[in-house]
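The structure appears right after this line, and notes come after that.
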Amino acid sequence: MSNDKIYDAMLTLAIPVSLEEDVLDFLLLRPAWAGGFSVVDAQGMGRGASLQSTMEKVQGRSRRKLVLIAGVQADLRSLLDELAGEIRNPDVAYWMAPLLDFGRLA
């Protein structure tokens with residue numbers, strides 16, 4: 001995305017740690033849609049949590065990564081559609097929310 005676009009949405013991907021490199025490589029190859037993003041350590045809990053390791057089963061939560069991408073809603077939807085076609089995995093959750101403002105402190 002170029003700097004002249006107005007970012008109006010935030011796409012969040014909640015992914016298993018095992019998919020981190022695949023998803024980040026996918027995003028890095030699509031700078032027009034994901035010009036920048038943040039990756040945050042997280043833990044998933046609840047009905048949708050897929051518990052893999054013994055430790056996750058004991059704790060009742062799964063290790064995840066959250067990938068946060070600010071962008072233009074139409075671009076983020078295209079990115080999401082392409083990602084879904086390439087990485088079909090029910091353990092990948094996403095949500096998109098309106099972004100009220102985006103800028104830099106400079």
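See the values below:
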| item | result |
| --- | --- |
| For Arg61: the one exception among (1) open to solvent by 60 Å² or more (accessible area, probe 1.4 Å); (2) modelled with pLDDT of 95 or more | (2) |
| Residues of region 58-106 satisfying the condition of being touching a residue at least 60 places away in the same chain (Cβ under 8 Å) and in a strand (DSSP E or B) | Ala70, Gly71, Ala93, Tyr94, Trp95, Met96, Ala97, Pro98 |
| Selection from region 12-43 of residues that are open to solvent by 40 Å² or more (accessible area, probe 1.4 Å), at pLDDT 95 or above and part of a helix (DSSP H, G or I) | Glu21, Asp22, Asp25, Leu28 |
| Subset of region 69-86 (residues that are loosely packed, with under 15 Cβ neighbours inside 10 Å and under 16 Å from Leu19 (Cβ atoms)) | Glu82, Ala84, Gly85, Glu86 |
| Hey, Gly46 more than 11 Å from the chain's Cα centre (by Cα), modelled with pLDDT under 90 and exposed (fewer than 11 other Cβ atoms within 10 Å of the Cβ) or not | yes |
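The values are calculated or read from the model by the stated rules, or taken from the named source; none is laboratory data. All values derive from a computational prediction rather than experimental measurement. Neighbour counts are summed over all protein chains in view; Cβ atoms, including those assigned to glycine, are modelled from backbone coordinates with ideal geometry. The area values use the complete protein model at the heavy-atom level, side chains included, leaving out ligands, DNA and RNA. Shrake-Rupley method; radii C 1.70, N 1.55, O 1.52, S 1.80 Å.
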